[in-house]
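The values are calculated or read from the model by the stated rules, or taken from the named source; none is laboratory data. The model shown is predicted, which means the values in this text are computed figures rather than measured ones. Using ideal geometry, Cβ is built from the backbone for each residue, glycine included, and neighbour counts are taken over all protein chains shown.
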Amino acid sequence: MNVSPVGPTVTTSVISQIEALRKQVTRLTKELKAEVTSTDDAKTKALKQQLISQQIMVLEARIAALQNQQSQQQPSATLAPSPVASATSAPARSADGAGWRVDVAL
C-alpha cells in the first residue's frame, strides 16, 4: 500500500495555520475589549477599535479560506482559486496603506 506524505502534511499544515490564526483572533478580541475601557480620547479609541476589528475580519476570512481548502480532499492545481481565497491571499494593510500590519499598543 502506498501512502503519500503530501496529504497528511498539507492537512496538518492547514490545521496548524488555522490554530495559529484562531490564537491571533483571541488575542485581538482581548485587545478590542481592553480598548473599550482605555483612557484614550474618543477619536483614538474609535480608530484603534476599527483597526483591531479589521484585523479580526481579515483573520476570520483567512480561517474560512483555510477551512475550505481543508474540506477539499485533494486540491487540484487546475482549479481557479475561490473569491474568498483570492481576497485573503494578500497580506493585510493598515488603514492608511503605509504598512503591512498594524499593532496597537495599549
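Pick from ALA61, ALA65: which is within 13 Å of the chain's Cα centre (by Cα), part of a helix (DSSP H, G or I) and either modelled with pLDDT under 95 or on the phi > 0 side of the Ramachandran plot (or both)?
The conditions single out ALA65.
Hey, can you tell me all the residues within segment 26-52 that are surrounded by fewer than 13 Cβ atoms within 10 Å (Cβ to Cβ), under 30 Å from THR11 (Cα atoms) and not basic (Lys, Arg)?
THR26
What residue, among those in segment 1-25 that are β-branched (Val, Ile, Thr) and exposed (fewer than 10 other Cβ atoms within 10 Å of the Cβ), is modelled with the lowest pLDDT?
By that ranking, first place goes to VAL3.
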